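Read-outs throughout are calculated quantities, based only on the coordinates presented, and are distinct from any laboratory measurement. Computed from a prediction, not measured in an experiment: that's the story for all the values here. Cβ coordinates were reconstructed from backbone atoms using ideal geometry, including for glycine residues, and neighbour counts include every protein chain displayed.
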Amino acid sequence: MNKKFIVIAGNIGAGKTTLACKLANHLRFDVFQEPFKLNPYLENFYKDMKSWAFQSQMSFLAHSFRDHLDINGLERPVIQDRSLYENAEVFARHLHEAGMINDDDWQTYQSFYHSILRLIAPPDLVIYLQSSTDRCVQNIRGRQRNIERDVDPQYIDNLNKLYTEWHDSYQLSPKIVAVADEHDYKNNDDHFRELVNQIKVYLR
């Protein structure tokens, strides 16, 4: 298989990292994980979203841009856990619409984002790991990250609605929808094999 670039997209708690690592191991791809621990603003953001929303989202976008450039430059196949497209068109958009990123900061963010889009090649395939709000919240509380433990379910629900809009409008790559509420990709070999077969069809 020639160099391929797959993105695993999905909400907080959808199970992206678990799926990305399992697919990478099976397909012999490298994994680029979401730069969660590299964001110095994230802890403050969860405590006070309005004060830290812009800084947090700019940090995510910058790290995602760097990772995307690194991925485009590699000769090895790669699976990325969350894309910069989601950072901009789901998370940052939500914060702007909720009044947590003001109009001036939003214009700055958008200018940077659209400049990035001119410089990067899109992935060969996007797998949208679709998960209900209840399931995402359950997974978030189960993994016991301190900064996420008090996340508002309404916040997750709002993100899910924007994810649907983003997925419907995204046209840069072929797309697969993997419904997490109906498939246990971690523990059910049949479910996982079915997804792998879908992926191989798109990557031929």
(message) Taking amide H atoms as placed 1.01 Å from N in the peptide plane, list the residues 5 or more away in sequence, or in a different chain, whose amide H sits under 5 Å from that of Q80.
(response) I6, V7, I8, F32
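Relative contact order for the chain using alpha-carbon pairs under 8 Å, separation at least 6, rounded to a whole percent? Mind dumping the intermediate values first?
Working: 275 pairs, mean separation 63.8, N = 204.
The normalised contact order for the chain reaches 31 percent.
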(request) Name all residues of the range 82-126 having a backbone nitrogen under 16 Å from the label point set 7 Å from the Cα of D168 along its Cα→Cβ direction, giving them as ranges. (result) 90
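Provide, as a two-decimal number, the C-alpha radius of gyration of the range 5-203 over 2.2 N^0.38 Å, N being how many residues it has. Please list the in-between numbers first.
Details: Rg = 16.3 Å, N = 199, 2.2 N^0.38 = 16.4 Å.
Rg over 2.2 N^0.38 Å, computed on Cα atoms: 0.99.
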(message) Can you tell me which of L95, L172, L61 moves the most in a GNM of the chain? Springs connect C-alpha atoms under 10 Å apart.
(response) L172
(request) Subtracting the Cα-Cα distance from 0.36 nm times the residue separation, let me have the gained length for V196 to K3 in nm, one decimal. (result) 67.8 nm
(message) Can you compute the equivalent ellipsoid semi-axes for the range 97-176, i.e. the square root of 5 times each eigenvalue of the Cα gyration tensor, sorted largest first and rounded to whole Å?
(response) 26, 20, 12
(request) Under 20 Å between C-alpha atoms is the cut-off here; go through the chain and count lysine pairs that meet it, provided they're at least eight residues apart or on different chains. (result) 19
(request) Starting from the Cα-Cα distance between N44 and V177, subtract it from 0.36 nm times their residue separation and give me the gain in nm to one decimal. (result) 44.6 nm
